Structure formats: C-alpha cells, structure tokens
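The structure appears right after this line, and notes come after that.
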Amino acid sequence: MNHLYNIQTRYDVVHVELGPVFMVVLHYLLNLWTDLRAVCREQACARVLVEGRNPLRDMRTTEAKVRGDFLCGLEQRDVRVTFCLYNYPLDGLLDEFESAASAGQCRLTRFERVEDAVSWVGLQ
C-alpha cells in the first residue's frame, strides 16, 4: 500500500483500501479516481469496494459534485461502487457526491458494515 491508498483486484471486484493518512480532499480524490478508472478499464471490472477508517475531510459542496462527476465518467456500463467508511460523517456533502456520481453509468451506495458492502457489490 502506498501511504494514501492501495488498489487491488480480487476476483472481479476492485478493492480500494484507504491508508491511515488519506484525506478526503479534492486533489487526493481526483488522483484516486484516475487510478481507479485505469484499473477498472484494464481489468474490465465494474464493481468497486472502497474501505477506509477515520478519513479526515476538507471538502466543500462544489468539490463534492466535481468528484462525483469524475466518478460518473467511468466508461464501463453498470458500475457498482460501494463505500464502507468507518467514523465518517454521513451528511449533505456525501449526499451531493452520491447524487453526482450516480448520474451516469455508476450506481453508488454506502454502508457502515463491511459485510453489507461486500454483499451489495458482489464480492464473496
């Protein structure tokens, strides 16, 4: 794992593990989504599980929409992305991101329990 995040493909699901110093800020997220899009394209994967503990956030509403729009641009059809972020605020910023990301080919949701996230994304 680099110090920000680790991306691995397990079966046909891309698992993103956020590192302990990962911050939910626009420039970190755009790098993550760029890498994620590349892995999804190279591995022909359309299911993603993002998991992290205690991520800090410095985000405004407009930035939440920008990062959602970027994820919305995934080329694969029927993309399923689930987040399991422990100790992360569930609020309007996350709602804005989910709305923007789900406007295209992507179906996005979040869970508080990894078992639920794994089940929804289809990882056995």
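Tabulated results
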| item | result |
| --- | --- |
| Label point distance in nm, Arg60-Val21, each placed 7 Å from Cα along Cα→Cβ | 2.7 |
| Among beta bridges that DSSP assigns inside the chain, antiparallel share in %, nearest 5 | 25 |
| Among (i) 2, 10, 17, 16, 12, 8, 6, 5, 4, 4, 4, 3, 3, 2, 2, 1, 0, 0; (ii) 2, 12, 23, 28, 24, 11, 2, 0; (iii) 2, 9, 12, 17, 17, 13, 8, 5, 5, 4, 3, 2, 2, 1, 0, the entry that matches P(r) over Cα pairs in 5 Å bins from 0, in percent as calculated here | (ii) |
| Among 94-107, 24-37, the order from most to least packed when residues are scored by Cβ within 10 Å on average | 94-107, 24-37 |
| The chain - mean residue ellipticity at 222 nm from DSSP helices (-39,500 (n - 2.57) per run, n ≥ 4, rounded to 500) | -12000 deg cm²/dmol |
| Kirkwood Rh and Cα Rg combined as Rg/Rh, region 75-124 | 0.98 |
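Where a number appears in this text, it was derived from the coordinates with a stated rule and is not lab data. Quick caveat, the model's predicted, so the values are computed rather than measured. Cβ atoms come from the backbone with ideal geometry, glycine included; neighbour counts cover every protein chain shown.
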